[in-house]
Amino acid sequence: MADPIKSSSRLKDLVTATMSEVTSDQIDNYAKLMEVERQDRKVTAVLKAWSDQEDHYRVARKKYADRIIVALLAQSGLVNIAFFLIGFSYLKIDIWVANSFILGVFSEMAALTLKGIVIHEDSTGLELRIVDRL
């Protein structure tokens with residue numbers, strides 16, 4: 001509840017400003033108004049904290065997505081280099097090892113890319129929606 005000393009001084013100021021008698025109904029209404037203002041400050045503080053938390057979460061997700069994209073590009077470049085080295089016979093490995101390696105890397109890249117597609121269930125059934133940048 002509001003500080004009684006602060007409320008009473010505000011109430012005195014209100015009575016002085018009106019320069020007339022104040023009824024108990026007016027005092028009750030004033031107390032209700034003060035309670036509503038206190039609740040409003042509390043809700044505003046909670047909403048601001050939630051908004052700040054969401055902003056930090058969004059920034060963290062963007063950093064994570066950017067790092068994954070850089071890693072995917074680097075991995076793709078390394079696979080292409082390995083593919084050409086195997087093709088030009090600079091690397092001598094069995095064909096099944098090369099196929100498994102390249103298939104595994106591209107499967108991993110596809111899985112990380114598809115992580116950006118989220119299955120969202122609503123009242124109409126399943127719906128696919130693309131999430132921004134991962």
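Nothing in this text is a laboratory measurement; each read-out follows from the coordinates by a stated rule. Please read these numbers as outputs of a predicted model, since none were measured by experiment. Neighbour counts are summed over all protein chains in view; Cβ atoms, including those assigned to glycine, are modelled from backbone coordinates with ideal geometry.
Tabulated data
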{"read-out": "From Glu21, Glu54, residue being touching a helix residue (DSSP H, G or I) at 6+ places or on another chain (Cβ under 9 Å), farther than 23 Å from Ala111 by Cα and not polar (S, T, N, Q)", "value": "Glu21"}
{"read-out": "Residue list for region 68-102, filter: within 40 Å of the chain's Cα centre (by Cα) and of a type in the set (Val, Ile, Thr)", "value": "Ile68, Ile69, Val70, Val79, Ile81, Ile102"}
{"read-out": "Count of residues meeting criterion [surrounded by fewer than 15 Cβ atoms within 10 Å (Cβ to Cβ) and either in contact with a Phe, Trp or Tyr (Cβ under 7 Å, 6 or more places away or on another chain) or among the hydrophobic types (A, V, I, L, M, F, W, C) (or both)] in region 73-82", "value": "4"}
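This table checks each residue for (1) on the phi > 0 side of the Ramachandran plot; (2) among the acidic types (Asp, Glu); (3) touching a Leu at 6+ places or on another chain (Cβ under 9 Å).
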{"position": "Arg38", "(1), (2), (3)": "no, no, no"}
{"position": "Ala49", "(1), (2), (3)": "no, no, no"}
{"position": "Asp52", "(1), (2), (3)": "no, yes, no"}
{"position": "Tyr57", "(1), (2), (3)": "no, no, no"}
{"position": "Ala60", "(1), (2), (3)": "no, no, no"}
{"position": "Tyr64", "(1), (2), (3)": "no, no, yes"}
{"position": "Arg67", "(1), (2), (3)": "no, no, no"}
{"position": "Asn80", "(1), (2), (3)": "no, no, no"}
